[in-house]
Amino acid sequence: MKQVYKHRYKAMIFDLDGTLADTIEDLIDAVNKALTDHQLPTHSYEEGRKLIGRGVRNLMIRALPADHPKDDAFVDDITDLMMSYYNRQCVNHTEAYPGIEDLLRYLTYQKIPFAVVTNKPDDAAKYIIEKLFFHWPFKIIVGQSDCFPRKPDPTALFYVMEQLGVEPKDCIYVGDSSVDYQTAKNAGVLPVLSLWGYGDEKVLKSFDDAIWIKNPLRAIDALKYGWDMYDIFHENKEDEFER
């Protein structure tokens, strides 16, 4: 299909958890199994939403009771245990958010390259993308590994943009957390924040230099128009962007 629209931005990079896919049940099930093995209290899915954001190790640190020792050896051991469970069940309940497939279809047909940069461990990130989105051509998937520091450090984002052949000014990063916002700002790309994910909506709306969306297809408008989307659709930045 020929490119119908002239887009202001040339590429889109996504976070994974809370942005492309709802992974909370599988993540917190694995966390709870590791906690139970150590006779520690577990978390509800709603509580678990607040623990996600800076990688698996930090997820486990946050999941531990406040008064529990958090020495490196113990945290490493319980994180490894959690990942041993997660790697066996990471797509039991995980699914794409409504509208994501339509967004990926649009990007594919319009020949807009797209990729993933996430703090989820690299192997798990690639496995989930392969299982959920095998029919969509992600150019590159970069998860947490020894190769790059975790977000909000922008190194992985710079690497992916280099692979896509785009400059920061031509790229959008879509995420659902303050970490994703900080990552985008650190890399000099346009932050588009998904309000359907795990981030605190009030916190996300406090960022005056980000675009907020409630429907994945609104990312297409950001791709086409950038900040002008607010004027084009006669909406205020404070509005919940639902149309």
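The values are calculated or read from the model by the stated rules, or taken from the named source; none is laboratory data. The structure presented is a predicted model; accordingly, all values stated were derived computationally and were not measured. Backbone-built Cβ (ideal geometry, glycine too); neighbour counts: all protein chains shown.
Quick notes on this one:
- Against the list (1) under 30 Å from Asn215 (Cα atoms); (2) surrounded by 14 or more Cβ atoms within 10 Å (Cβ to Cβ); (3) without any contact (Cβ under 8 Å) to a residue 24 or more places away in the chain, the condition Ile61 fails is (1).
- Hits in the range 130-146 (condition: under 20 Å from Ala184 (Cβ atoms) and among the hydrophobic types (A, V, I, L, M, F, W, C)): Phe138, Ile140, Ile141, Val142
- Flag if Ile112 is outside the structural domain of Pro41 (by TED's automatic domain parsing), surrounded by 14 or more Cβ atoms within 10 Å (Cβ to Cβ) and either within 16 Å of the chain's Cα centre (by Cα) or not hydrophobic (A, V, I, L, M, F, W, C) (or both): no
- A count restricted to the range 149-197 and to residues that are among the aromatic types (Phe, Trp, Tyr) and either surrounded by fewer than 20 Cβ atoms within 10 Å (Cβ to Cβ) or at positive phi (or both) stands at 3.
- Any hit, the range 84-98, residues being more than 25 Å from Val174 (Cα to Cα) and either among the β-branched types (Val, Ile, Thr) or crowded, with 17+ Cβ neighbours inside 10 Å (or both): yes
- Close pairs from the range 22-41: first without any contact (Cβ under 8 Å) to a residue 60 or more places away in the chain, partner small (Gly, Ala, Ser) and not in a helix (DSSP H, G or I), Cβ under 9 Å, at least 6 apart: Ile28/Ser44
- For the range 28-59, residues that are more than 18 Å from the chain's Cα centre (by Cα) and part of a helix (DSSP H, G or I) total 10.
- Some residue of the range 139-154 being of a type in the set (D, E, K, R) and assigned to a helix (DSSP H, G or I): no
- The range 199-214 residues that are surrounded by fewer than 20 Cβ atoms within 10 Å (Cβ to Cβ), paired with ones that are of a type in the set (Gly, Ala, Ser) (beta carbon under 7 Å, 6 or more apart): Val203/Ser178
- Residue pairs meeting the criteria (Cβ under 9 Å; at least 6 apart or on separate chains; first without any contact (Cβ under 8 Å) to a residue 60 or more places away in the chain, in the range 150-174; second among the charged types (D, E, K, R)): Pro152/Arg54; Pro152/Asp180; Pro152/Lys185; Pro154/Lys185; Ala156/Arg150; Gln163/Lys139; Gly165/Lys10; Glu167/Lys10
- Highlighted here are the strands (runs of 3 or more DSSP E) found entirely within the range 157-243 that include at least 1 residues which are at pLDDT 95 or above: 171-175, 190-194.
- Test: residue in the range 8-27 that is among the polar types (S, T, N, Q) and within 20 Å of the chain's Cα centre (by Cα): yes
- Residue within the range 94-114 that is of a type outside the set (Val, Ile, Thr) and within 19 Å of Gln144 (Cα to Cα) present: yes
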